[in-house]
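Let me begin by presenting the structure, written as structure tokens, before commenting on it.
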Amino acid sequence: MFQPKIFLFFFTFICVITSSVTAQTKNKTHQLSGKVVDERGLNLPYVAVALFKSNDSSYVKGIATDMDGNFKVELEKGNYYAKLSFLSFENKIISNIIIENNNVVLKTIKLKPSALSLDEFQVVEEKKAMEIDLDKRVFNVDKDITNQGKDATEILGNVPSVNVDIDGNVSLRGSENVRILINGKPSGLTGMSTAQALKQLQGNQIEKIEVITNPSSRYDAEGEVGIINIVLKNDKRDGINGSVNVDVGYPSNYGGGFNLNMKRKKTNVFLGYGINYRESPGTNRSVQKFTYPDTSFSYKSNSQTDRNTLNNNFRLGGSYDINDNNTLTISGSFNVGDADNKMKLSYADFNQLDVASQTVNRLEIEDKDLSSHDVSLNYRKTFKQKDRLFTIDAQRSEAKDFEKSIIEQTNSTVLSENLNQRVFNNEKSQNWLFQADYVHPIKQGKFETGLKSTLKKVTNPFAVGEYNDITMRYEALPQFHDDMEYNENIYAAYMMFGNKIKKFSYQLGVRGELSDVETQLKITDELNRRNYFNLFPSTHFSYELHKENTLQLSYSKRINRPRHWWLLPFFSFTDSRNIFAGNPNLDPELTDAYEFGHLKYWKKGSLLSSVYYRHTTDVITRIIVSDLEGNTERKPFNLGTKDAFGIEFSGSYEAYKWWNLQGSFNFFREIQEGQLNSQNFHNDTYAWSTRLNSKWTVKKKLNLQASFNYRSPQNSVQGETKAIYSLDAGFSFDVLKGNGTVTFNASDVFNSRKRRSIAFGDNFISESEWQWRSRYFRLSFTYRINQKKKPENFKNKNFEGGFEGGE
């Protein structure tokens, strides 16, 4: 529900900060311009021009020449010198540049080739696959051969510390309570089911993934185990550059797309498009046994699912540099998709003597219409004072997931159980985001503060209708018919201060969040409203033992609010004997997270070692309950407390110039205690997971890569998930003089990515095996526009000053 007073406070904050930062006096500047050519007189674009003060050699600002070799820069009165540097050319110093009362035009500047051959250098730097820092790990997933042509869900499955189950649910360090952001903000895509949303996002749009396991107060407190931030591609180099890709695979998997960036002087425009058609066959087998005082029975079920999906992703945006200190960016994305799913499900029933009694077959044909869009506005202001920054963000997003299906059921023995049903489930979400952040350096430290409001509304009418032979019409089943409206408004403010004293650094912060949550079931007239305020402190300490060897200790308090689909009474009716339902009375989880880390760099690698502990209250847990007819219902409840202890290693190592390794290992113990309806639940489990990625380069032309994942068995309060492992492999080679790359990859080489589990209760035991998608193969081609790869071991040290405000 919209809160005028809080919004007015937020608006006033922005006005005060904006007026204070724009009221600064500005010294008059004059323009310095010039042109850079080679010895033949040809224009040189992308030359780095760094300006320094003559009296103390302090860096002032930097710029790159445009496509015609020209550059222009505004400078205050003074005496300067310029340093010009460019790949395969010798550096050049231009001294005694005096800016007084007029613009200055330099004579044409010629650069001489260096002793190194031009062929040894190319334009685009090849990033490492994994970059490690104490507060986060960055995975440059577009450099992973096995990721070509995949969607976001499949790519996340290859990220260390992250697991994706057969349903597409994402977990971090063994917990599904993780916050997923796109470009640092919630997206319309993630307004719906996260698993479904990530399947819509095509991998060709993704540049990197950031994993933050213990976020500071700057970030939302949402997410028990941290944040996964998906960063989309947005190149900022001058001129026109980008890439085009085409994919084809088996089973049927066809896709393509492009990403383009156009930068000219103060304007930068980026756009992208991706399309993908995919057929995903899957299977499920289970055995259910029920034992009651006066009877026992069982059944076996088998299902075959064919999912055919078509997704389209559009991105368009641009930024404008108003001046050297002010930038305005507007961007938008639009996703539209369609899915046609068909599932054949059969039940074979057995009596207490294990004799077959009947067979029931269900056929469901489902049509899904998916769409979402985001529109974002960002204002960024920098200052002459280094690292001082003010930003304002606003975003509106919307998502739709409309489902309708036809279900036909036939019974071999009881004709009255032959059914014809219709189902619809229409989910729509609308989100607003307003945010302002300010960073002010103080000597060796800095102070940060900000405000944020997120306003979410979800509507979800649903119904199951069954055909009545007498009335000759479809009649709604009362327990599966309602219209839910969910409103979640979060208002937040934070403050942080960090400082460095010699080798010791610290950061202290606190975040306050006011939550206004309302769930309404309109047909049954049920209303549930929750209002609560929480403080979320965070602390981070680090100490540099010596060069490239650092220790860190951190603490943060986190919250995990129930997702709206956890509150929805109706979830799925595909399997009428196994119903997934929500609980509108759920409370949020609260977690205290502690972590101690050691980061070590070597010349050929790095290793991050972490020990962590989490204590969570009001743990949201799905409990399975059976009835006398052999039906089970899975429903979430707040079930006591959970303690998790773990140790994790993530690292990379260059064994040889032609062989690179990266991997992770996570081991944890989890203890949960709780009580529901006078029944005690207990679980004490040990589990571990590991991931190893190996990349080989043959004669600098052919790249081979393999990625192995393993997750050990893990117990829960009502069962066990068995071990799962998989191997992905692929190779790539460059064509068309380095402008193109051909990639082939195989996902799940051994066809072993299957979820096998056992669940049990007072009167039942269930064993199941489920494969969401079978092994597949894919061939991809990527063509780069004005981009060429640079060898991984090359580092550009020519331009030492860097670009002001550059990223």
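The values are calculated or read from the model by the stated rules, or taken from the named source; none is laboratory data. Remember, it's a predicted structure, so these values are computed and weren't measured experimentally. For neighbour counting, all protein chains shown are included, and Cβ atoms are generated from backbone atoms with ideal geometry for every residue, glycine included. What goes into the accessible areas is simple: the full protein's heavy atoms, side chains included, and nothing from ligands, DNA or RNA. Shrake-Rupley method; radii C 1.70, N 1.55, O 1.52, S 1.80 Å.
So here's what we get for this one:
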| item | result |
| --- | --- |
| M472/K342 FRET efficiency (R0 25 Å; Cβ-Cβ; nearest 0.05) | 0.40 |
| Mean-position separation - Cα centroids, region 255-311 and region 378-411, in angstrom | 21 |
| F86 accessible area, assembled protein chains, probe 1.4 Å, Å² | 50 |
| Cα Rg over Rh - region 434-517, Kirkwood | 1.47 |
| FRET efficiency, D306 to S357 (Cβ-Cβ, R0 25 Å, nearest 0.05) | 0.30 |
| Cα-projected label distance for T617 with I240, points at 7 Å along beta-carbon direction, nm | 6.1 |
| Listed residue pairs exceeding 30 Å between alpha carbons, taken from K386/K452; K300/K400; K452/K503 | K300/K400; K452/K503 |
| Spatial separation of Cα centroids for region 627-671 and region 455-483, in angstrom | 38 |
| Those trypsin sites (Lys or Arg not before Pro) in region 496-597 that DSSP places in a loop and that have at most 12 other beta carbons within 10 Å | K502, K503, K547 |
| In nm, spacing of pseudo-spin labels at I330 and E548 (7 Å Cα→C-beta vector) | 4.8 |
| Over 29 Å (Cα to Cα) - which of K266/K700; K208/K456; K208/K603; K404/K457; K92/K208 fall in this group | K266/K700; K92/K208 |
| Residue-count net charge about Y594 - beta-carbon cut-off 11 Å; Lys, Arg +1, Asp, Glu -1 | 0 |
| Candidate residues M484, M67: accessible-area rank, largest first, probe 1.4 Å | M67, M484 |
| Sequence of E673, E595 when ordered by accessible area, the most exposed leading, probe 1.4 angstrom | E673, E595 |
| Average accessible area per residue (Å²) across region 213-370 - probe 1.4 Å, nucleic acids and ligands excluded | 44 |
| With all protein chains modelled, accessible area of R422 [1.4 Å, Å²] | 80 |
| Whole-Å semi-axes of region 498-602's equivalent ellipsoid (Cα gyration tensor) | 44, 19, 7 |
| Probe 1.4 Å, all protein chains present, accessible-area order of W772, W432, largest first | W432, W772 |
| Exposure of I365 as accessible area (Å², to 10), given a probe of 1.4 Å and all protein chains | 90 |
| Hypothetical label at Y783: residues of region 245-263 whose amide nitrogen lies under 20 Å (7 Å Cα-Cβ projection) | 245-249, 254-262 |
| Projected label distance in nm at D367 and K266, using a 7 Å step from Cα toward the beta-carbon | 5.1 |
| Neighbourhood charge, 10 Å Cβ-Cβ cut-off, centred on S331 and excluding it, Lys, Arg +1 and Asp, Glu -1 | 0 |
| Modelled FRET efficiency - R0 51 Å, N739 with W602, Cβ distances, 0.05 increments | 0.90 |
